[in-house]
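Participant: One structure is given below, represented as structure tokens, and several questions about it will come after.
The values are calculated or read from the model by the stated rules, or taken from the named source; none is laboratory data. Here the structure is a predicted model, which means the values were calculated and not measured. Cβ: placed from backbone, ideal geometry, glycine included. Neighbour counts: every protein chain shown. Keep in mind that these areas ignore ligands, DNA and RNA; they rest on the heavy atoms of the full protein, side chains included. Shrake-Rupley method; radii C 1.70, N 1.55, O 1.52, S 1.80 Å.
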2 protein chains.
Amino acid sequence: VSQRPLVGRAAILGVGLVGGSLGLALRSRGLAREVVGLTRRAETLEAALALGAIDRGARSAAEAVKEADLVVLATPVRTAKEHLREMGGGLKSGALVTDVGSTKAEIVAAAQGLTPRAVFIGGHPIAGAEESGVKAARADLFEEATWVLTPTEECDPVALAHLEEVIRAVGARPVRMSAQLHDRLVAASSHGPHLAAGCLVRLARRLAEENPELLTLLGSGFRDATRIAAGDPAVWRDICLTNRDWILAFLGKLEEEMTSLKHLLARGEAAELELWLASARQARREM
Amino acid sequence: VSQRPLVGRAAILGVGLVGGSLGLALRSRGLAREVVGLTRRAETLEAALALGAIDRGARSAAEAVKEADLVVLATPVRTAKEHLREMGGGLKSGALVTDVGSTKAEIVAAAQGLTPRAVFIGGHPIAGAEESGVKAARADLFEEATWVLTPTEECDPVALAHLEEVIRAVGARPVRMSAQLHDRLVAASSHGPHLAAGCLVRLARRLAEENPELLTLLGSGFRDATRIAAGDPAVWRDICLTNRDWILAFLGKLEEEMTSLKHLLARGEAAELELWLASARQARREM
């Protein structure tokens with residue numbers, strides 16, 4: 001489906017799974033006249049060009065954003081902060097800058113010193129896949145996905161409406177909330193579960209070193225429950241570092257929940273345990 | 001594929017997902033001359049007959065096991081222990097009795113007082129599905145699945161070999177280990193992950209009550225990680241009660257792992273965090 005281009009030149013800084021999928025979505029739907037990509041590695045650039053995720057590559061953030069109407073930061077969060085500094089005055093006046101990172105407060109704060117006439121709106125598409133890298137990119141990655149935007153109170157409403165139009169055009173549903181609330185909620189919906197899965201696989205591996213029979217016992221339950229632990233360590237390192245306080249608070253609550261469950265188990269009252277399990281099942285079914 | 005019947009009369013006590021699937025597998029492959037089912041509810045009996053999971057129903061454990069060559073306990077563990085008591089002297093001399101429960105030490109111990117000439121071998125197929133109940137039963141549920149057997153040292157090797165033949169005939173891979181080791185390992189591969197998922201969904205639900213936006217943020221990562229929490233509460237209650245010590249020991253280790261992760265987060269050293277995350281990814285990929 002070809003539409004009128006919503007965007008003139010788009011610059012995507014970081015052409016991995018999410019950046020590459022966005023490039024594919026913009027290009028395959030005719031949503032941008034040109035997509036410029038910034039990647040550190042020549043191999044990624046070649047793959048992105050071969051897949052059709054970008055029209056051409058740039059050698060620096062400043063070069064990539066030149067004359068770009070839409071700039072999308074799509075690297076791990078701390079690299080995105082570096083790119084913000086590097087692009088500096090190279091931004092076109094009136095450019096719309098956004099990102100796709102999993103934490104929002106830090107990047108939104110870092111963007112405050114941006115070129116005065118550019119607009120920054122933090123973003124986070126709730127879309128991912130087990131694999132990472134541009135080779136896993138797909139034009140339909142954002143179909144039906146929630147795409148959070150965290151505009152500040154001073155945000156230009158016209159720019160916000162435009163960004164929401166682009167997001168809907170790639171198939172996603174824009175949802176607005178504050179960066180603070182976003183970071184608090186994703187600690188529970190994503191970061192905490194990721195780290196809990198990491199703990200589970202590390203414990204299982206340690207046990208399997210002594211008892212290799214364990215590996216024959218891992219069923220689809222364990223595999224599903226721990227799939228997220230296979231996420232890109234560089235991306236997750238930055239998530240941990242930029243959402244540390246909310247993650248620590250969440251892990252504290254998780255420990256409390258586990259401690260009260262341990263008491264329940266130790267008491268061994270069947271009806272009470274069944275109620276706990278039924279409430280978990282009910283909660284899961286409603287999600 | 002029709003084979004010569006390996007079993008004359010099979011009795012399945014508890015015709016839910018696993019018992020029903022076993023009945024379907026035995027009948028559709030011609031592995032048993034007759035399959036008798038015991039269910040508490042008339043509705044389940046009708047569904048099991050309609051699906052072809054059993055040939056006929058019985059009204060009591062004693063009636064079900066009459067003249068049965070193979071008896072399979074397929075209820076939650078504590079009900080299986082009751083059935084063991086009820087069937088008592090009704091067992092055919094030389095009958096092979098097994099179960100499909102997720103914990104083994106308690107049922108193996110309970111079966112020690114069985115009719116002298118019957119043989120009990122504890123079993124645990126590592127197969128399941130999100131749904132429970134006979135309506136979710138499938139003849140291919142055990143294809144490629146590990147099926148643990150926990151024979152005692154005194155176990156008749158002929159009976160054990162026969163049971164393994166039946167297990168292979170329904171498509172699964174029999175694996176032998178002690179009941180003790182089984183219970184210790186499944187606390188890490190299944191019970192602990194289940195309860196951790198339960199904690200995650202209970203926390204998310206509580207947060208969503210104040211912040212319904214949370215529900216829009218739940219992606220496939222959260223859903224996969226918590227799918228197991230939707231398991232049947234009656235089954236999981238009995239698992240918790242019959243594997244309490246290993247589960248408590250595992251939850252203790254999980255808390256230690258989380259505490260050391262919290263320290264790591266609090267220190268905020270990027271390289272150290274990335275190593276932790278990379279080790280989790282590596283462990284997950286090898287599983």
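Participant: If B:ALA161 satisfies every condition in (1) within 14 Å of chain A (Cβ to nearest Cβ); (2) among the hydrophobic types (A, V, I, L, M, F, W, C); (3) free of Cβ contacts under 8 Å to residues at least 12 places away in the same chain but one, which is the exception?
Facilitator: Status for B:ALA161: all satisfied but (1).
Participant: Please go through (1) out of contact with any Ser or Thr (no Cβ under 7 Å at 6 or more places or on another chain); (2) touching a residue at least 40 places away in the same chain (Cβ under 8 Å); (3) part of a loop (DSSP other than H, G, I, E, B) for B:THR103 and return the number of the only condition it doesn't satisfy.
Facilitator: Answer for B:THR103: the failing condition is (1).
Participant: For residues in the range B:141-158 being touching a residue at least 12 places away in the same chain (Cβ under 8 Å) and away from chain A (no Cβ under 14 Å), which is surrounded by the most Cβ atoms within 10 Å (Cβ to Cβ)?
Facilitator: Ranking the qualifying residues of the range B:141-158, first place goes to B:PRO151.
Participant: Here is a follow-up. For the range B:112-122, enumerate the residues that are touching a Leu at 6+ places or on another chain (Cβ under 6 Å) and part of a helix (DSSP H, G or I).
Facilitator: none
Participant: So how many residues does the range B:253-277 have that are open to solvent by 40 Å² or more (accessible area, probe 1.4 Å) and either more than 7 Å from chain A (Cβ to nearest Cβ) or under 14 Å from A:CYS240 (Cβ atoms) (or both)?
Facilitator: Result for the range B:253-277: 12.
Participant: Could you count how many residues in the range A:254-287 are closer than 30 Å to B:GLY268 by Cβ and in contact (Cβ under 8 Å) with a residue 12 or more places away in the chain?
Facilitator: Here the count works out to 2.
Participant: OK, next. I'd like to know if the range A:18-32 contains one or more residues that are of a type outside the set (D, E, K, R), under 25 Å from A:TRP246 (Cβ atoms) and open to solvent by 20 Å² or more (accessible area, probe 1.4 Å).
Facilitator: So far as the range A:18-32 goes, yes, one or more of its residues are of a type outside the set (D, E, K, R), under 25 Å from A:TRP246 (Cβ atoms) and open to solvent by 20 Å² or more (accessible area, probe 1.4 Å).
Participant: Go through the range A:217-227 and give me each residue that's open to solvent by 40 Å² or more (accessible area, probe 1.4 Å) and either of a type in the set (Gly, Ala, Ser) or free of Cβ contacts under 8 Å to residues at least 60 places away in the same chain (or both).
Facilitator: The answer is A:SER220, A:ARG223.
Participant: While we're on this one: Looking at the range A:86-116, which of its residues are open to solvent by 40 Å² or more (accessible area, probe 1.4 Å) and of a type in the set (S, T, N, Q)?
Facilitator: Residues satisfying the conditions are A:SER93, A:GLN112.
Participant: Of the residues that sit in the range B:67-85 and are among the acidic types (Asp, Glu) and within 18 Å of B:ARG117 (Cβ to Cβ), which one is least open to solvent (accessible area, probe 1.4 Å)?
Facilitator: Filtering the range B:67-85 for residues that are among the acidic types (Asp, Glu) and within 18 Å of B:ARG117 (Cβ to Cβ), the one least open to solvent (accessible area, probe 1.4 Å) comes out as B:ASP69.
Participant: Does B:ALA179 qualify as being at pLDDT 95 or above, more than 10 Å from chain A (Cβ to nearest Cβ) and crowded, with 18+ Cβ neighbours inside 10 Å?
Facilitator: Yes: the conditions hold for B:ALA179.
Participant: Now, a different point. Which one of these is under 22 Å from A:ARG85 (Cβ atoms), surrounded by 24 or more Cβ atoms within 10 Å (Cβ to Cβ) and among the small types (Gly, Ala, Ser): A:ALA48, A:ALA64?
Facilitator: A:ALA64
Participant: Here's something else I'd like to know. Which one is most open to solvent (accessible area, probe 1.4 Å) among residues in the range A:228-252 that are free of Cβ contacts under 8 Å to residues at least 40 places away in the same chain and at the interface with chain B (Cβ under 7 Å from one of its Cβ atoms)?
Facilitator: A:ARG244
Participant: Residues being under 21 Å from A:LEU45 (Cα atoms) and not aliphatic (A, V, I, L, M): count how many of those fall in the range A:128-162.
Facilitator: Matching residues across the range A:128-162 total 7.
Participant: Restricting attention to the range B:184-216, report how many residues are under 26 Å from B:SER102 (Cβ atoms), open to solvent by 30 Å² or more (accessible area, probe 1.4 Å) and at the interface with chain A (Cβ under 7 Å from one of its Cβ atoms).
Facilitator: Residues that pass the stated criteria total 3.
Participant: Among the residues of the range A:141-177, which ones are of a type in the set (Ser, Thr, Tyr) and more than 16 Å from A:ALA105 (Cα to Cα)?
Facilitator: Correct list: A:THR146 only.
Participant: Could you tell me whether any residue of the range A:123-138 is touching a helix residue (DSSP H, G or I) at 6+ places or on another chain (Cβ under 8 Å), closer than 19 Å to A:PRO5 by Cα and either part of a strand (DSSP E or B) or aromatic (Phe, Trp, Tyr) (or both)?
Facilitator: The answer is no; no qualifying residue exists.
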